[in-house]
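Colleague: My questions all concern the structure below.
The values are calculated or read from the model by the stated rules, or taken from the named source; none is laboratory data. Note that the structure is predicted; figures quoted are calculated from it, not measured. All Cβ positions, even for glycine, are placed from backbone atoms using ideal geometry, and neighbour counts span all protein chains on display.
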Amino acid sequence: ATPTSIMVGTGRAAESGILFKGGEHLERTHEINAIVLDKTGTITKGKPEVTDFSGDAETLQLLASAEKGSEHPLAEAIVAYAAEKNIHFLEVDHFAAIPGHGIEAEISGQQILVGNRKLMNDHQIDIESATEEKLIEFETGGKTAMLIAIEGEYRGIIAVADTIKDTAPEAIKQLKEMGIEVIMLTGDNERTAQAIAKQAGIDQVIAQVLPEEKADKVKEIQQQGKKVAMVGDGVNDAPALVTADIGIAIGTGTEVAIEAADVTILGGELLLIPKAIKISKATIRNIR
Ligand code: ADP
Ligand code: MG
């Protein structure tokens, strides 16, 4: 590898908005034959909005007050929805995030749980079959639905939708045409994940992955003999970004993800991923 061609390559990449942390990463990028993409904030815009809420005003007040303590994009959507409805936020006495499952909070002596089925099951909250049907309906439409329980009783459901980035299908298509395997990785449920994957043109989905399991999934794909690039934006994605052969951070994502990655794509533009691989290939061709 001549230092000059690598310098030219990293310079060309930088002009396009692909920031390699060092020439060695540009050199290795051409070997990639599998790409794992996080869902929220990577394939989707990461700006979810509440589309459906069923529950009473008190439930919304407690739910939104509890979510104020969470930094999750889902929480931001719920807080914005309640603020728009001029809900008065209550003081939260205790808050805990339960990674991959939801949140738990205490407000004026009442216990609030917001999250997925697993969270409700773990707390032995009874969910009626009508609620389960609603959940399935939301999820089939690509929405993330969260269940709410107050003092151990089911009180409502809230659904949030996030749209895929406009250029996601084209970026995925280009990657597939380059012979690269494309896989979506998410903590969200299987049905929502499948719906979003379909919109983006991805046929391999690994869903319901806990934050701490993301890196293990990358390792498993590497053990199948693949050279894996991981693309992510969240704090949760950092260990997987480090584990992957090439970690690609979304420029609009968290500082933690950018720190952990080998490359950052500005503006979170997914078309820059096939472009990075092309630049790497061209650089290697010049070298050989
Ligand atoms: P993602 O891969 O989409 O970032 P996470 O692992 O962060 O997913 O979350 C997985 C699931 O846990 C969510 O789909 C949701 O059901 C639940 N969850 C996470 N955070 C919250 C929250 N603040 N409020 C309610 N539910 C949550
Ligand atoms: Mg994400």
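Colleague: Here are some residues: Ile125, Ile157. Which one is part of a loop (DSSP other than H, G, I, E, B), β-branched (Val, Ile, Thr) and either modelled with pLDDT of 95 or more or over 29 Å from Ser65 (Cβ atoms) (or both)? Break it down into steps so the answer makes sense when it comes.
Modeller: On the way: Ile157 fails: part of a loop (DSSP other than H, G, I, E, B).
Of the residues listed, the single one that is part of a loop (DSSP other than H, G, I, E, B), β-branched (Val, Ile, Thr) and either modelled with pLDDT of 95 or more or over 29 Å from Ser65 (Cβ atoms) (or both) is Ile125.
Colleague: A follow-up question, please. Test Lys214 against the stated conditions and say whether it is surrounded by fewer than 24 Cβ atoms within 10 Å (Cβ to Cβ) and modelled with pLDDT of 95 or more. Please lay out each step first, then the result.
Modeller: Details: surrounded by fewer than 24 Cβ atoms within 10 Å (Cβ to Cβ): no; modelled with pLDDT of 95 or more: yes.
Judged against the criteria, Lys214 is not a match.
Colleague: Any residue in region 17-29 that is over 11 Å from Ile248 (Cα atoms) sitting within a Cβ distance under 7 Å of a residue that is of a type in the set (D, E, K, R)? List the pairs, counting only those 6 or more apart or interchain.
Modeller: So the pair list comes out as Gly17/Glu269; Arg28/Asp245.
Colleague: For region 1-48, enumerate the residues that are part of a helix (DSSP H, G or I) and either polar (S, T, N, Q) or at positive phi (or both).
Modeller: Across region 1-48, the qualifying residues are Thr4, Ser5, Thr10, Ser16, Thr29, Thr40, Gly41, Thr42.
Here's the yes/no breakdown for (1) touching a helix residue (DSSP H, G or I) at 6+ places or on another chain (Cβ under 8 Å); (2) at pLDDT below 95; (3) more than 19 Å from Ile206 (Cβ to Cβ); (4) among the hydroxyl-bearing types (Ser, Thr, Tyr):
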{"residue": "Leu241", "(1), (2), (3), (4)": "yes, no, no, no"}
{"residue": "Ala244", "(1), (2), (3), (4)": "yes, no, no, no"}
{"residue": "Ile248", "(1), (2), (3), (4)": "yes, no, no, no"}
{"residue": "Thr252", "(1), (2), (3), (4)": "yes, yes, yes, yes"}
{"residue": "Glu259", "(1), (2), (3), (4)": "yes, no, yes, no"}
{"residue": "Asp262", "(1), (2), (3), (4)": "yes, no, yes, no"}
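Colleague: When the residues of region 49-90 are narrowed to those that are out of contact with any strand residue (DSSP E or B) (no Cβ under 7 Å at 6 or more places or on another chain), in a loop (DSSP other than H, G, I, E, B) and not hydrophobic (A, V, I, L, M, F, W, C), which ends up nearest to ligand 2 (Cβ to nearest atom)?
Modeller: Quick first cut of region 49-90, residues out of contact with any strand residue (DSSP E or B) (no Cβ under 7 Å at 6 or more places or on another chain) only: 56-58, 61, 64, 68, 71-73, 75-76, 79-80, 82-89.
From the residues that got through so far, the ones that are in a loop (DSSP other than H, G, I, E, B) too are 56, 68, 71-72, 85-89.
Retained after the next criterion (residues that are not hydrophobic (A, V, I, L, M, F, W, C)): 56, 68, 71-72, 85-86, 88.
Values: Asp56: 32, Lys68: 20, Glu71: 12, His72: 10, Lys85: 27, Asn86: 30, His88: 31 Å.
Ranking the qualifying residues of region 49-90, first place goes to His72.
Residues are listed down the side, and each one gets a yes or a no for (1) surrounded by fewer than 23 Cβ atoms within 10 Å (Cβ to Cβ); (2) within 16 Å of ligand 1 (Cβ to nearest atom); (3) at pLDDT 95 or above:
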residue	(1), (2), (3)
Ser5	yes, no, no
Gly11	yes, no, yes
Ser16	yes, no, yes
Leu19	yes, no, yes
His30	yes, no, yes
Lys39	no, yes, yes
Ile43	no, yes, yes
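Colleague: If you don't mind, another one. Surrounded by 15 or more Cβ atoms within 10 Å (Cβ to Cβ), within 16 Å of ligand 2 (Cβ to nearest atom) and at pLDDT 95 or above, is that true of Ala105?
Modeller: Against the criterion (surrounded by 15 or more Cβ atoms within 10 Å (Cβ to Cβ), within 16 Å of ligand 2 (Cβ to nearest atom) and at pLDDT 95 or above), Ala105 does not qualify.
Colleague: Oh, and also: Any residue that is in contact (Cβ under 8 Å) with a residue 60 or more places away in the chain and under 24 Å from Ala197 (Cα atoms) - is there at least one of those in region 101-112?
Modeller: Step one: list which residues in region 101-112 are in contact (Cβ under 8 Å) with a residue 60 or more places away in the chain, which gives none.
There is no residue in region 101-112 that is in contact (Cβ under 8 Å) with a residue 60 or more places away in the chain and under 24 Å from Ala197 (Cα atoms).
Colleague: Of the numbered conditions (1) over 15 Å from Glu181 (Cβ atoms); (2) over 19 Å from the mean Cα position of the chain (by Cα); (3) not charged (D, E, K, R), Gln222 fails exactly one; give the number of that condition.
Modeller: (1)
Colleague: Hey, which of the helices (runs of 4 or more DSSP H) in region 182-288, taking only ones fully inside, have at least 1 residues that are within 12 Å of ligand 1 (Cβ to nearest atom) and among the β-branched types (Val, Ile, Thr)?
Modeller: Details: elements: 190-200, 214-223, 238-243, 255-260, 272-287.
Once the helices (runs of 4 or more DSSP H) in region 182-288 are filtered for at least 1 residues that are within 12 Å of ligand 1 (Cβ to nearest atom) and among the β-branched types (Val, Ile, Thr), what remains is 190-200.
Colleague: Turning to a different aspect of this structure: Among the candidates Lys118, Lys176, Lys134, single out the residue that is farther than 23 Å from Ile78 by Cα, basic (Lys, Arg) and more than 16 Å from ligand 2 (Cβ to nearest atom).
Modeller: Lys176
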